[in-house]
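J.: Below is the structure I would like to discuss, written out as structure tokens.
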Amino acid sequence: MIRAAAAELVREPFPVRPFVGPARVLAGEGAGAQLGEELLATGARPADGAALLIGDVAVEQRDLAREAIGSLDEAGFELIPAPGIAAEPTPEVIQDIIGAVDRPVAAVIGLGGGSAMDAAKLVSLCLGNGPAVLDGIAPGASLQAGPPLVLGPSTAGTGAEATAVAMLWRGTRKQIFVHPTFVPRLAVLDSRLLAELPQAVTASAGLDALSHALESLLSTFRTPLTTGAAVAAVEGLARWLPEAYDSGSSDSRMGTLIAAYQAGLALNASVALGHSIAYTIAARTALPHGVTCAMSLPYCLAYCRAAGDRLEPVRAALALEGDPRELVDWVHRLNERMGIPPSLGEVGITADELPAMHHECVEVYPRPNNPVPVEADGIERLLAHFHAGDLDAAWADRFAEEPVR
Ligand SMILES: [Fe+2]
């Protein structure tokens with residue numbers, strides 16, 4: 001039934017858009033131990049240069065890259081260890097890493113959460129084109145490919161290992177880079193890289209992945225390919241995320257890692273309003289990206305209620321085929337179980353900050369692909385409901401009678 005619901009989408013008009021993903025994926029517990037030979041299999045050669053390793057500080061502290069580093073050594077690659085990544089990359093962080101590169105680079109290897117993988121993408125881009133490229137990529141600009149990318153996530157969430165997107169923090173705003181060269185040549189999904197992941201990180205990363213999957217289903221850019229990936233991701237997260245949160249078992253780590261990767265593939269359809277709201281929360285709090293996305297998701301679903309039929313394949317997968325509100329409540333309960341704050345007020349955002357937030361949503365992070373137009377009036381009302389934590393009011397507030405796209 002699930003398959004039928006997703007498969008029926010080929011009958012509807014859908015946009016002809018590219019669907020990108022890594023050229024090669026190595027998935028399984030212990031996959032990192034094969035990194036060196038897999039890198040050789042992609043065509044990279046030690047004679048071309050060293051392997052530039054960009055890891056996040058958590059990976060360094062827990063010595064999780066040990067097997068991967070050993071295998072690179074066995075394959076004959078010299079290593080350039082970059083300074084550890086502790087937060088979402090800024091232009092200064094990228095410059096620091098480039099400053100540590102003193103020889104040719106055969107591959108840029110990002111092992112860590114979304115921040116480390118985004119840093120690896122941006123470093124590769126800079127190595128191919130010079131650091132001025134961080135000022136922005138003009139549409140249609142022709143860029144040189146940097147050294148090939150190898151990405152291995154140490155959280156199950158961002159899906160950055162599957163996407164053509166990288167984020168850079170510039171001041172208080174996210175600068176979003178999209179380029180085909182950001183799609184890695186090799187992705188390594190190894191549950192051992194998630195060993196000892198703190199419970200709060202499991203929650204925020206997993207709920208970020210859930211946001212990617214559900215928002216991509218709402219997007220006007222969705223295709224049967226992104227829908228299939230998104231439904232598989234939601235099924236995987238529903239099955240494994242609670243267990244990963246409770247016990248961190250190896251199976252549950254692998255299950256969430258695969259689901260987050262599938263949600264990353266679904267990002268070929270892009271995200272929707274939920275991520276715009278999340279960015280405005282992140283600019284005012286120190287909350288992790290996934291927490292801000294998880295908080296925003298039920299309100300995004302309420303705003304896009306008129307497009308709820310696009311979520312039918314997921315409702316079928318979760319056996320929530322009655323009232324469409326049941327899916328929103330399911331998300332809300334999952335948030336509650338994992339300690340996600342239920343309202344803007346709860347995280348210290350005051351009512352007088354709401355006008356600036358709604359302006360940013362509409363002007364700074366517009367979503368032309370949102371199925372219900374992101375308009376000032378509606379967003380103002382939505383943020384007021386979100387501030388109060390009144391999901392009932394958000395659900396009852398009709399923002400559109402039907403999706404416009
Ligand atoms: Fe996200």
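J.: For the chain, take the longest principal axis of its alpha carbons; what is the angle in degrees between that and the long axis of helix 114-129, to the nearest 10 within 0 to 90?
T.: Roughly 60 degrees between the two axes.
J.: Helix 250-266 against the longest principal axis of the chain: what's the angle in degrees, Cα atoms only, rounded to the nearest 10?
T.: Its long axis makes an angle of about 80 degrees.
J.: Taking the Cα centre of region 140-215 as origin, work out the dipole magnitude from +1 charges on Lys and Arg Cβ and -1 charges on Asp and Glu Cβ, in debye rounded to 20.
T.: Once rounded to the nearest 20, the dipole reads 300 debye.
J.: Here's another thing I want to ask about it. Could you work out the pair-distance distribution P(r) of the chain from its alpha-carbon pairs, with 10 angstrom bin width and percents rounded to whole numbers?
T.: For the chain, the pair-distance distribution reads 5, 24, 33, 25, 11, 2, 0.
J.: Within region 191-292, report the trypsin sites (Lys or Arg not before Pro) that DSSP leaves as loop and that have at most 14 other Cβ atoms within 10 Å.
T.: none
J.: For region 236-388, report the translational diffusion coefficient in µm²/s to the nearest whole number, using Stokes-Einstein at 25 °C, 0.890 mPa s, and a Kirkwood Rh over Cα pairs.
T.: Diffusion coefficient, whole number: 150 µm²/s.
J.: Compute the accessible area per residue over region 54-188, keeping the other protein chains in place, probe 1.4 Å, unit Å².
T.: Working: 5240 Å² over 135 residues.
Result: 39 Å² per residue.
J.: Report for region 6-165 the percent antiparallel among DSSP-assigned beta bridges with both residues inside it, nearest 5.
T.: The antiparallel proportion sits near 0 percent.
J.: For region 1-132, report the convex hull volume of the alpha-carbon atoms normalised per residue, in Å³, without decimals.
T.: 169 Å³
J.: On to the next question. To the nearest 20 debye, what is the magnitude of the charge dipole of the chain about its Cα centre, counting +1 on the Cβ of each Lys and Arg and -1 on the Cβ of each Asp and Glu?
T.: Values: 28 positive and 48 negative charges, 160 e Å.
My answer is approximately 760 debye.
J.: Round to a whole number: what % of the accessible area of region 8-87 belongs to carbon and sulfur, probe 1.4 Å? Walk me through the numbers on the way to the answer.
T.: On the way: 2200 of 4350 Å².
Result for region 8-87: 50 percent of the exposed heavy-atom area is carbon or sulfur.
J.: With an 8 Å cut-off on Cα pairs and a minimum separation of 6 or more residues, tell me the relative contact order of region 170-271 in percent.
T.: Averaging sequence separation for qualifying contacts and normalising by length gives 36 percent for region 170-271.
J.: What ranking of ILE379, ILE69 comes out by heavy-atom accessible area, probe 1.4 Å, highest first?
T.: ILE69, ILE379
J.: Considering only protein heavy atoms, what per residue accessible area in square angstrom results for region 305-361 with a 1.4 angstrom probe?
T.: The answer is 45 Å² per residue.
J.: Can you give me the C-alpha center-to-center distance between region 188-255 and region 362-405, rounded to a whole angstrom?
T.: Between the Cα centres of region 188-255 and region 362-405 lies a distance of 25 Å.
J.: Any idea what the relative contact order of the chain is, in percent, if you count C-alpha pairs under 8 Å spaced at least 6 apart? Please list the in-between numbers first.
T.: On the way: 820 pairs, mean separation 63.6, N = 405.
Dividing the mean separation by the residue count of the chain yields 16 percent.
J.: Please report, in Å, the Rg and the Dmax of region 131-255, where both are computed over Cα atoms only.
T.: Spelled out, the Cα radius of gyration and Dmax of region 131-255 are 16.2, 47 Å.
J.: For the chain, give the share of DSSP beta bridges that are antiparallel, in percent and rounded to the nearest 5; count only bridges with both residues there. Show your work: numbers first, answer last.
T.: Numbers: 6 of 27 bridges.
Taking every DSSP beta bridge within the chain, about 20 percent pair in antiparallel fashion.
J.: Round to the nearest 10 and give me the degree value, 0 to 90, for the angle of helix 273-282's Cα axis relative to the longest principal axis of the chain.
T.: For helix 273-282, the angle is close to 70 degrees.
J.: Which residue fluctuates most in the GNM of the chain (Cα springs below 10 Å): GLN34, GLN175, GLN61?
T.: For the chain, modelled as a Gaussian network with Cα springs under 10 Å, the answer is GLN61.
J.: With a 1.4 Å probe and all protein chains left in place, how much of the accessible area of region 91-246 comes from carbon and sulfur atoms, in whole percent?
T.: Details: 2740 of 4950 Å².
That share works out to 55 percent.
J.: Determine how large the accessible area of TYR299 is when every protein chain is in place; take a 1.4 Å probe and give Å² rounded to the nearest 10.
T.: TYR299 has an accessible surface of roughly 10 Å² with all protein chains in place.
J.: Same structure again: Could you please state how large a percent of the accessible area of region 268-405 is carbon and sulfur, counting protein chains only and using a 1.4 Å probe?
T.: 48 percent
The values are calculated or read from the model by the stated rules, or taken from the named source; none is laboratory data. Since this is a predicted model, take the numbers as computed values, not measurements. Every residue, glycine among them, receives a Cβ derived from its backbone with ideal geometry; neighbour counts consider all protein chains shown. Ligands, DNA and RNA are stripped out before the accessible areas are found, and what is left, the full protein with its side chains, is counted by its heavy atoms. Shrake-Rupley method; radii C 1.70, N 1.55, O 1.52, S 1.80 Å.
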